[in-house]
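None of the figures in this text is laboratory data; all of them are computed from the coordinates on show. For clarity, every value in this text was computed on a predicted model and none was experimentally measured. Note that we place each Cβ from the backbone using ideal geometry, even for glycine, and neighbour counts take in every protein chain shown.
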Protein chains: 2
Amino acid sequence: MAGKRHKTNGVSLREVAKAAGVSKMTASRVLRAEGGYSDKTRDLVMRKVDELGYLPNRLATVFAGDSASTFVGVSIPELGNEVFSQVLEGIDRKLGAFGHQTVLGLTQHTQEAEEEWIKTVLSWKPAGLILTGRYHSIRATEMLRASGVPIVEIWDLNSSPLDMSVGLNHFDSGFDMGRYLTSAGYQALGYVGTSHDTANAATARLEGFCKAVEGGGGTVAKQLCLHDMATYYTGFYGTEQLLAAGEPIDCIFYQNDAMAFGGLQYVYSKGLCVPQEIGIAGWGDLPITSVLPMRMTSMHVPHFKLGQVAAEMMLASLQCEPVERTRDIGFKLIPGSTVRQTC
Amino acid sequence: MAGKRHKTNGVSLREVAKAAGVSKMTASRVLRAEGGYSDKTRDLVMRKVDELGYLPNRLATVFAGDSASTFVGVSIPELGNEVFSQVLEGIDRKLGAFGHQTVLGLTQHTQEAEEEWIKTVLSWKPAGLILTGRYHSIRATEMLRASGVPIVEIWDLNSSPLDMSVGLNHFDSGFDMGRYLTSAGYQALGYVGTSHDTANAATARLEGFCKAVEGGGGTVAKQLCLHDMATYYTGFYGTEQLLAAGEPIDCIFYQNDAMAFGGLQYVYSKGLCVPQEIGIAGWGDLPITSVLPMRMTSMHVPHFKLGQVAAEMMLASLQCEPVERTRDIGFKLIPGSTVRQTC
DNA sequence: AAGCATTAAGTTACCCGTAACGTTAGGCCC
DNA sequence: GGGCCTAACGTTACGGGTAACTTAATGCTT
């Protein structure tokens, strides 16, 4: 029989108020430093707060419907890719500095996982959402629209975002790389990446790459999209597979630097000379690149800054400050030494 | 006058119930599939749920005090270190598969940041907490104890955890490395790492390392603890600093692989021969190691698994299943080719 | 001293979902 | 046909905090 429902282990505001001999409301005002109480009352309440070890229950505050919650949902495809862990660090550091918390969601590049996660996170009434990528399921889009919370879509530059967007033009970055490689004299190019069920940023890069290569007089002799994770190993075996096909290929562009390193290692193991016999180009500019003997030709993207900007846009939106709806974070080609220099 | 407080944008259960012409309670029962309603009523309610796009408000459910919340606070020092992003991925994947969400906290290796974060996260009534490291501030420890939520401390093996713990014995791993290096014939060893305000796992590794070296007839000629991040760059410049001191050093042990790569690159740039003239040993076994021409001598730790085990312990505790309080995840020495082989 | 403004409280209602309990209608049995 | 049972649904209260309103006490003015 004994009151089963009264098991909330924490000390409540009511208990603090009772101990201090004031009403809940007065205690609430003191805790929020709202004013409307005497110094004596404030000290008394604060002393009881310390004595009892009172921790406010934010659920109740948000639930009361006045203020928004302080957490922001952040969806990221995976953390195995260093690029995304840097973006996440940029986001969380910035949000954390302004009293917000990150609720993480790893979608593993699938819209189903993203939709499921969005549904769950929205039921917690988050202050906002930061989503990686511009492609969401129809139901997810509906829920996002209906929720009314601020949303920042990152990674892809998106001229018509759900709400706000920060990223880079992946097509252009692939195009620039393609132009760079063809102008360096490579003719028969290859691509090694991974495939997912839906179009994504890497797809856009590949499209831009192909367009530039064809426009530059070269050919994309072979594209390989493996059903696997975009890691070193996949780069290694993907390269083996690509070259085993027998077609002459003098330069390979990879989905990211991790795969490019794997590929580089494979061509080394076959005794091929880089960059004379074969060129290797990655994307993303991993930090380790700068301390390895051979600098990887790659595309630098300010990952950490991307995360920070995303968080700043979110914070500005939460403060009801004016925010530009889209921001281009840019990219920069790193010549490196794994492709021939343009003379 | 107009009801200012009724601005909660979502559709509430009451609205669903009204639309279906039933009471809130009946709608609630249908949504929880609790039984006690006719098929006709169930279909009617579910149709209205779809029509109105109702999303349950979990805040209210948790607030009502019946069920616990579904999120788990996870504190991680930083994500720049690949090791920790892998641990986090292991945790979130496992938690996510069981309907839980990760609330992230990056402590940047400081107890103050951790304490602040713990305070905030506890106010959201999390289902549990996973904390990196065994050292917490006094106030943090008090709050954790008082909260009564399940806690898993990871990274350091901890024989007397606050609640549960999974990790490895860092002292032993440093000891094993020290013994390995001395038995390989190195005499004058150096160490390059970073320092933080408090003792941590890296400190324990260094202690074990020193003990083994001294016991093995060698000497730790110089230890360098930089006030900086443990990255490639720090490894590069730290090595420069270490060797500039002039003391003869024939082998360097680093806080982690990233620093070791930086150091390796520095000694290459000076024309030193690895491993003949100088040995280089890291810790953590970064994935990239396995595809680089030269395999780094390192200590392998199952990072991803560590995260998964931590999540499993948490989940078991939440299900009130029996859980062992501590688990040793182990480590394994990777001989590599950056130190001389023991003959 | 009466009138009015200001400060420092207390009271009430509400947020949304659920436990506990109450009610109604119909079926079944003897 | 009266008593009893049960399925199906409604009513009430509650949790922790806060907005909006009310009340009490104090200070100040003329």
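Going by neighbour counts of Cβ atoms within 10 Å, the residues A:Phe71, A:Phe171 line up, fewest first, as A:Phe171, A:Phe71. With a point put 7 Å past each Cα toward its Cβ, work out how far A:Arg145 is from B:Glu142 in nm, to one decimal. That separation, rounded to one decimal, is 5.2 nm. Using a/c under 1.5 as the rounded threshold, could you call the protein assembly as shown rounded, prolate or oblate? The axes a ≥ b ≥ c are square roots of the C-alpha gyration tensor eigenvalues, and prolate needs a/b larger than b/c, oblate otherwise. Oblate is the answer for the protein assembly as shown, as a/c is 1.5 or above yet b/c matches or exceeds a/b.
Under a model in which nothing but the beta-carbon of Lys, Arg (+1) and Asp, Glu (-1) is charged, the range B:140-204 shows a dipole of about 160 debye around its Cα centre.
Counted by Cβ distance under 14 Å from A:Phe98, the other residues give a net charge of -2, where Lys and Arg count +1 and Asp and Glu count -1.
Note on chain B: antiparallel DSSP beta bridges, both residues inside, total approximately 5 percent of the bridges counted.
Each Lys and Arg Cβ is given +1 and each Asp and Glu Cβ -1; about its Cα centre, the range A:10-55 then shows a dipole of about 160 debye. Peptide packing: for B:15-24, B:287-296, the average count of neighbouring Cβ atoms within 10 Å per residue gives the ranking B:287-296, B:15-24, highest mean first. Simple rule: put +1 on each Lys or Arg Cβ and -1 on each Asp or Glu Cβ in the protein assembly as shown, find the dipole, and look at A:His170, B:Val22, A:Ala230; the Cα lying farthest toward the positive end is B:Val22. The local environment of A:Glu15, defined by Cβ-Cβ distances under 13 Å, has a net charge of +3 under the rule Lys, Arg +1 and Asp, Glu -1. Here the sum of -39500 (n - 2.57) over DSSP H runs of 4 or more residues, divided by the residues of chain A, equals -13000 deg cm²/dmol at 222 nm, to the nearest 500. In the assembly of identical copies, A:Arg145 has its label point, taken 7 Å from Cα in the direction of the beta carbon, separated from the corresponding points by 5.4 nm (ascending, one decimal). Counting Lys +1, Arg +1, Asp -1, Glu -1, what net charge surrounds A:Glu51 among other residues with beta carbon under 14 Å of its beta carbon? Here the count lands on -1. Note on B:Glu15 and B:Leu31: the model spin-label points, each 7 Å out from Cα along the C-beta direction, lie 1.2 nm apart.
For chain B, modelled as a Gaussian network with Cα springs under 10 Å, which listed residue fluctuates most, B:Glu207, B:Glu112, B:Glu51? Fluctuation is largest for B:Glu51. Think of the range B:275-343 as a dipole: +1 on every Lys or Arg Cβ, -1 on every Asp or Glu Cβ, centred on the Cα centre; then among B:Phe304, B:Thr338, B:Cys320, B:Thr338 lies furthest on the positive end. Think of each Lys and Arg Cβ as +1 and each Asp and Glu Cβ as -1; about the Cα centre, that makes the dipole of the range A:151-288 roughly 320 debye. Note on chain A: GNM, Cα springs under 10 Å; of A:Arg32, A:Arg205, A:Arg327, the largest mean-square fluctuation is that of A:Arg32. Across A:Val30, A:Val213, A:Val267, mean-square fluctuation computed from a Gaussian network of chain A (C-alpha pairs under 10 Å connected) peaks at A:Val30.
Strictly over 20 Å apart at the Cα level, which of A:Lys94/A:Lys119; A:Lys119/B:Lys48; A:Lys18/A:Lys40 would you flag in this model? A:Lys94/A:Lys119, as the Cα separations exceed 20 Å there.
Working from Cα pairs under 8 Å separated by at least six residues, relative contact order for the range B:1-136 is 22 percent. If both residues of a DSSP beta bridge must be in the protein assembly as shown, then about 10% of such bridges are antiparallel. With the simple spin-label model, which puts each label point 7 Å out from Cα in the Cβ direction, the A:Tyr233 to A:Ala113 separation comes to 1.7 nm. For A:Glu277 and B:Arg295, what is the calculated FRET efficiency with R₀ set at 30 Å and r taken between the beta-carbons, to the nearest 0.05? Once rounded, the FRET efficiency stands at 0.75.
The separation of the range B:263-296 from the range A:271-343, counted between C-alpha centres, amounts to 25 Å.
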